[in-house]
1. Give me the residue from segment 25-67 that is hydrophobic (A, V, I, L, M, F, W, C) and farther than 30 Å from His4 by Cα and, out of that set, modelled with the highest pLDDT.
2. Cβ-Cβ distance below 7 Å, separation of 6 or more or different chains: which pairs start in segment 2-24 with a residue that is at pLDDT below 85 and end on one that is loosely packed, with under 10 Cβ neighbours inside 10 Å and in a strand (DSSP E or B)?
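The values are calculated or read from the model by the stated rules, or taken from the named source; none is laboratory data. Nothing here was measured: the structure is a model prediction, and the numbers come from that model. Don't worry about glycine lacking a Cβ; one is built from the backbone with ideal geometry, like all the others, and counts go over all protein chains shown.
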Amino acid sequence: MNDHAHPEAIGLIDESGMHKSGRDTVGVVRQYNGNRGKIESCIVGVHLGYSAPGFQAILDSQRELFPGRDADHQWFVGRDVACVGCGDV
């Protein structure tokens, strides 16, 4: 990373919702999707990045998973909420 060190470099944290329909994708719950501006079935990912003039990189990315989602894909009890903390999964 020293090759890309720069005094104008910044770290980035981005939470992105990705619309998903169906019941086969792990982590799909009904929640607020900021990309589409509404509550719908989606997954949410949190991404850590680094940006410097002439260079960008994604350092880490993780999908948020919600407790209470059972094996046969039933919606969890607190559905239709804008934000849910997920804790350790």
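1. Ile39
2. Listed by first residue and then by second, the contacts come to nothing, as the list is empty.
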